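Peer 1: Take this structure, written in structure tokens, and hold onto it; I'll ask about it next.
The values are calculated or read from the model by the stated rules, or taken from the named source; none is laboratory data. The structure presented is a predicted model; accordingly, all values stated were derived computationally and were not measured. Cβ placement follows ideal geometry from the backbone for every residue including glycine, while neighbour counts extend to all protein chains displayed. Only protein heavy atoms, including side chains, enter the accessible area calculation; ligands, DNA and RNA are left aside. Shrake-Rupley method; radii C 1.70, N 1.55, O 1.52, S 1.80 Å.
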Amino acid sequence: MKVRIEDGGPCRKLMHVDVPPQDVAPEYGNVLKEYAKFGRVAGFRPGKAPAPVVERHYAKAIMEETRDRLVPRFYREALKENRVDAVAIVDVQDVKLDKAKGLTFRVTVDVAPEFKLPKYKKFAVKENPVEVADKDVDAAFGRLLDGYARFEDVSNRAVGDGDLVQIDYKGRCDGKTVTEMTPDNAGLGEGADFWTLCGDREFLPGLNKGLIGAAINDRREIKVVFPADYHVKAVAGREAAYEVLIKAIRQKILPEINAEFLKPFEVDSREALRERIRKDMIEHAEKAEKDRRKDEIATFLLKETEFDVPTSIVEQETNLAVRSMVQRIARQGATREQIVERRDDIVNAASKTSKERVKLSYILNRIAAEEKVEVSDGEVESRVESLAKYYEMPKDKFKAELDKRNGVEGLRSDIRSEKTMDFLLEQVKRR
């Protein structure tokens, strides 16, 4: 086998492979034997037709089967013999197979980048003190109680902040109903028996504020001004008038802080619960600060290391990022049409972050090799078990799904990168 290699661009190689006929003949013979054994030729019983007759009858199919078997075998051998570190097979072209002349083809592969590591030890990273103020604990304590609150009907007073209010509503804008203007956004133009929490995030800007002071059976006209960047373009930057009927009011009743309420938190007093909240907040803040320092390290590594990355790997990462972003935007309530409108912005954002993630992955893998950072099978199994619990799947089933797409090795690589980043965090100077 002869192999000629040329550059095909950044992180890309073109391999021209020439396989002599004597290396093609054995596999061609194997395929011919299989067709002779199982093929059907008119005038002969199955498996009894002479090989030359079978060869003429199935000539095209035999050549195609031989080609499909030989091309992958020989490009793998070519990669191994020439020590080409391929990360992806981009395409195979110009395949020509002839019994007398042999096999020739051209394969395009993406290869791992070559680069020099920066001085990644002992550079300075800013360290911010971790503090949790009493007012922050108070706010978190209040949110916890809100989560256990119940609501009771009231009829002897007007709407106040924090009340749950049931309304009918219908909006008009520039002489049209909002429903006419936004047919694909059910609920934006009108609704009946709709419950809204005053003081909570509003689905119509200014609506909840306009309800304050209203009594049951009151009718109010409330002006709603949609921001210029509102996600529904038909009403973005416009003012609408909503006719609102107040139908019911419910007030929030906070839970009594007694032994029964405290039991699930494994504390015995209000003060102990506050301290538990403070401890959790400090742990969260410390993790956030640790992640921020890791981001600073990543920024340094990316800035100090210049090299191209394989296009095919970036494309794979970009596709995953786009899918993740679309799913997140959809969960936030965006319609299919809105997602299509934002397609270019989504792809551009995903492309930029994906290239940086791929680049950082190569840098961390090189550092891991330099520092002999290893990942044990036990660590992988522990991560698989943790992820299976997160996705509420049996461990064996989750692992089987990972195996289908070589995900276990990807998981091992992720853990190795995490351990490498932790190693770097221990090495850096703090300022």
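Peer 1: Pairing the Cα long axis of helix 311-331 with the longest principal axis of the chain, what angle in degrees results, from 0 to 90 and rounded to the nearest 10?
Peer 2: 30 degrees
Peer 1: How far apart, in nm, are the 7 Å Cα→Cβ label points at Ile5 and Glu271?
Peer 2: 7.2 nm
Peer 1: Just the number please: accessible area per residue for the chain, 1.4 Å probe, all protein chains included, in Å².
Peer 2: 63 Å²
Peer 1: What does the extension gain come out to for Lys372 and Asp138, with contour length at 0.36 nm per residue minus their alpha carbon separation?
Peer 2: Length gained, Lys372 through Asp138: 79.6 nm.
Peer 1: Cα centroids of the range 305-319 and the range 53-132: how far apart, whole angstrom?
Peer 2: Value for the Cα centre distance between the two parts: 16 Å.
Peer 1: With a 1.4 Å probe and every protein chain kept in, tell me what percent of the accessible surface of the chain is carbon plus sulfur.
Peer 2: Details: 12850 of 26990 Å².
About 48 percent, which is the carbon plus sulfur part of the accessible surface.
Peer 1: Still on this structure: Run the reach check for Lys60 against lysines, Cα to Cα strictly under 22 Å, same-chain hits fewer than 8 apart removed. What comes back?
Peer 2: Lys33, Lys37, Lys48, Lys96, Lys99, Lys101
Peer 1: What percent does the relative contact order of the chain come to when contacts are Cα pairs within less than 8 Å and at least six residues apart?
Peer 2: Normalised by residue count, the contact order of the chain is 16 percent.
Peer 1: Quick check: Cα centre of the range 194-245 to Cα centre of the range 1-17, how many Å?
Peer 2: With the range 194-245 and the range 1-17 each reduced to a Cα centre, they are spaced 64 Å.
Peer 1: Return the tail of the calculated pair distribution for the chain, meaning the percent of Cα-Cα pairs more than 31 Å apart.
Peer 2: Within the chain, distances greater than 31 Å cover 68 percent of Cα pairs.
Peer 1: Between helix 134-147 and the chain, what is the angle of the helix's C-alpha long axis to the longest principal axis, kept within 0 to 90° and rounded to the nearest 10?
Peer 2: Tilt of helix 134-147: around 90 degrees.
Peer 1: Need the list of aspartates and glutamates near Lys126 for cross-linking: C-alpha distance under 17 angstrom, and skip anything on the same chain fewer than eight residues off.
Peer 2: Glu286, Glu289, Asp291, Asp295, Glu296, Asp422, Glu426
Peer 1: Please report the equivalent ellipsoid semi-axes of the range 1-55, computed as sqrt(5 x eigenvalue) of the Cα gyration tensor, largest first, in whole Å.
Peer 2: Calculated on Cα positions only, the semi-axes equal 40, 12, 7 Å.
Peer 1: Now a separate question. How charged is the neighbourhood of Val130? Take every other residue with its Cβ under 10 Å from the Cβ of Val130, and add Lys/Arg as +1 and Asp/Glu as -1.
Peer 2: -3
Peer 1: Right, next: Placing unit charges on C-beta atoms (Lys and Arg positive, Asp and Glu negative, everything else neutral), compute the dipole magnitude of the range 1-131 about its Cα centre in debye, rounded to 20. Intermediate values should be presented prior to the final figure.
Peer 2: Values: 26 positive and 20 negative charges, 71 e Å.
Around 340 debye, computed over the range 1-131.
Peer 1: Taking K and R as +1 and D and E as -1, what net charge do the other residues with C-beta under 13 Å from the C-beta of Ala228 add up to?
Peer 2: On the way: positive: Lys233, Arg238; negative: Asp229, Glu239.
Net local charge, Ala228 excluded: 0.
Peer 1: Let me ask something else. Sum up the charges of everything whose Cβ sits under 13 Å from the Cβ of Gly199, counting Lys and Arg as +1 and Asp and Glu as -1, but leave Gly199 out. Mind showing how you got there, number by number?
Peer 2: Values: positive: Arg143, Arg201, Lys209, Lys252; negative: Asp146, Asp161, Asp163, Asp200, Glu202.
Net charge in that neighbourhood comes out at -1.
Peer 1: Next question. Could you pull out every one of the lysines with an alpha carbon less than 20 Å from that of Lys209, ignoring same-chain neighbours closer than 8 positions?
Peer 2: Qualifying lysines at Cα under 20 Å: Lys170, Lys223, Lys247, Lys252.
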